[in-house]
Amino acid sequence: MWPVVQVNTLNQMQGPVTEVERHFLFIGLGSTNTGKLLSVNTDTDFDQQLGADDSALKSNVRAAMLNAGQNWSAAVYVMASGEKWDEAALKAQETQSFEAVILCDPTSDQATVTAAQALYHTLIAKYGRWQFMALCTPEIGELQSWSDYEATTVAIQDTIAADGVMLIPQVFPDALGKLMGRLCNRSVSIADSPCRVKTGALIGDVTLPVDKDGVTLSTATLKALEQNRFSVPCWYPDVDGIYWADGRMLDVEGGDYQVVENRRVIDKVARRVRVLCIADLGDRSFNSTPFSTKSAQSRYARPLREMSKSITIGKQMFPGDIQPPSADAITINWVGRNKVEIYIKAKPYDCPKEIVANLMLDLSNPGDAA
């Protein structure tokens with residue numbers, strides 16, 4: 001036999017996946033750079049890119065930048081008059097991928113909300129991309145009382161089930177942008193709720209609006225909106241600053257995705273698992289034998305392990321996105337010789353959103369112990 005040496009370099013798909021988390025797409029009407037997808041960051045001159053006028057798009061993008069802090073970047077699609085926002089979102093997918101799609105022009109009709117949920121599923125079906133949607137509702141009108149505003153705003157989401165959509169009332173002209181920046185803040189993870197006070201107060205103008213009678217926005221109105229699945233700002237007596245309440249999604253009662261952090265965590269898992277699934281197509285080393293099954297369980301647990309990495313500094317632990325995967329986190333079921341089903345469990349950490357402190361006096365006499 002003639003001596004032969006052959007060396008093959010094998011790709012085991014063990015490298016990193018491009019991160020799209022915290023990279024949002026902002027869409028809105030504008031008169032400058034219409035029909036274009038712009039890449040922006042903290043160095044961007046928004047007057048030059050988005051025009052001198054304070055449009056809803058420009059004010060919300062600027063608010064997002066201020067509240068996101070360091071290393072913020074985003075994409076902005078400037079719509080021309082008459083252009084459909086969902087078509088603009090699909091056009092932007094040809095150039096970049098995102099974690100969320102943000103419509104900056106307020107909506108007052110249910111059709112836009114249902115269209116946003118349809119777009120959420122279209123992006124999954126067409127591109128295998130999980131991107132939650134964020135919409136805003138109009139500010140209070142000059143002839144509206146707060147009760148009128150509540151009724152009108154609540155009606156926008158009534159009866160709609162949309163686990164991929166957030167609704168934010170524009171109680172500030174740029175409330176949507178403030179929240180989106182808060183969700184992009186790199187001092188915390190995507191698994192953190194926007195209600196986290198340690199992230200700091202909202203940055204920018206937080207002047208509370210008034211209704212037609214001069215009555216200032218109260219927590220009563222905000223609580224009513226929050227109970228109807230809106231994501232709203234909040235504040236605490238004797239604590240300076242305006243903060244945020246929960247990041248509500250339009251999921252149904254009892255659903256797993258009623259808050260944005262759950263949506264973001266599972267969507268991140270989905271993006272990473274999809275890459276592994278594609279790599280395993282047609283690979284006979286992934287089969288129903290015990291050794292292969294055990295190897296596959298370890299392989300598909302890798303995204304969970306990476307997302308669960310925590311760091312401890314002194315006595316303070318900063319947890320990862322999720323808890324470390326348990327032994328039963330990955331279940332593999334062969335339906336047939338050519339079809340396999342993989343079940344993956346991601347377990348978020350507990351998070352206190354309601355704290356009850358019970359106080360009591362200890363009036364015992366030290367002499368009683370004797």
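The figures follow:
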item: Complete set of residues in the stretch 313-354 that are out of contact with any strand residue (DSSP E or B) (no Cβ under 9 Å at 6 or more places or on another chain) and not in a loop (DSSP other than H, G, I, E, B); result: ILE313, GLN316, GLY336, LYS339
item: Answer from SER310, SER292 - the residue that is outside the structural domain of PRO194 (by TED's automatic domain parsing), among the hydroxyl-bearing types (Ser, Thr, Tyr), more than 19 Å from the chain's Cα centre (by Cα) and at pLDDT below 95; result: SER310
item: Options ALA116, ALA88; residue that is surrounded by 18 or more Cβ atoms within 10 Å (Cβ to Cβ) and within 18 Å of the chain's Cα centre (by Cα); result: ALA116
item: Check on LEU167, within 21 Å of GLN227 (Cα to Cα), touching a Lys or Arg at 6+ places or on another chain (Cβ under 8 Å), assigned by TED's automatic domain parsing to the domain that holds TYR243 and among the aliphatic types (A, V, I, L, M); result: yes
item: Hits in the stretch 119-159 (condition: over 19 Å from LEU222 (Cα atoms), crowded, with 21+ Cβ neighbours inside 10 Å and in contact (Cβ under 8 Å) with a residue 60 or more places away in the chain); result: TRP130, GLN131, PHE132
item: Among the candidates THR153, THR114, THR107, residue that is more than 22 Å from GLY69 (Cβ to Cβ), part of a loop (DSSP other than H, G, I, E, B) and among the polar types (S, T, N, Q); result: THR107
item: In the stretch 171-189, the residues that are of a type in the set (A, V, I, L, M, F, W, C) and either part of a strand (DSSP E or B) or buried (at least 19 other Cβ atoms within 10 Å of the Cβ) (or both); result: VAL171, PHE172, ALA175, LEU176, LEU179, MET180, LEU183, CYS184
item: ILE168, sole failed condition from (1) out of contact with any Asp or Glu (no Cβ under 8 Å at 6 or more places or on another chain); (2) surrounded by 21 or more Cβ atoms within 10 Å (Cβ to Cβ); (3) part of a loop (DSSP other than H, G, I, E, B); result: (3)
item: Any hit, the stretch 18-37, residues being modelled with pLDDT of 95 or more, within 30 Å of CYS195 (Cα to Cα), more than 21 Å from the chain's Cα centre (by Cα) and outside any loop (DSSP other than H, G, I, E, B); result: yes
item: Unique residue being assigned by TED's automatic domain parsing to the domain that holds ALA327 and surrounded by 15 or more Cβ atoms within 10 Å (Cβ to Cβ) when the list is LEU304, LEU250, LEU276; result: LEU304
item: Subset of the stretch 228-275 [under 28 Å from ILE330 (Cβ atoms) and in a loop (DSSP other than H, G, I, E, B)]; result: MET249, ASP251, VAL252, GLY254, GLY255, ASP256, TYR257, GLN258
item: Residue list for the stretch 134-172, filter: in contact with a Ser or Thr (Cβ under 7 Å, 6 or more places away or on another chain) and charged (D, E, K, R); result: GLU150
item: Qualifying positions in the stretch 191-227 - of a type in the set (S, T, N, Q), assigned to a loop (DSSP other than H, G, I, E, B) and surrounded by fewer than 17 Cβ atoms within 10 Å (Cβ to Cβ); result: THR207, SER218
item: Selection from the stretch 78-104 of residues that are in contact (Cβ under 8 Å) with a residue 24 or more places away in the chain, assigned to a loop (DSSP other than H, G, I, E, B) and of a type outside the set (Ser, Thr, Tyr); result: ALA80, GLU83, GLN93, GLN96, PHE98, GLU99, CYS104
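The values are calculated or read from the model by the stated rules, or taken from the named source; none is laboratory data. Just so we're clear, the structure is a prediction, and the values are computed from it rather than from any experiment. Counting neighbours? That spans all protein chains shown, and the Cβs are built from the backbone with ideal geometry, glycine included.
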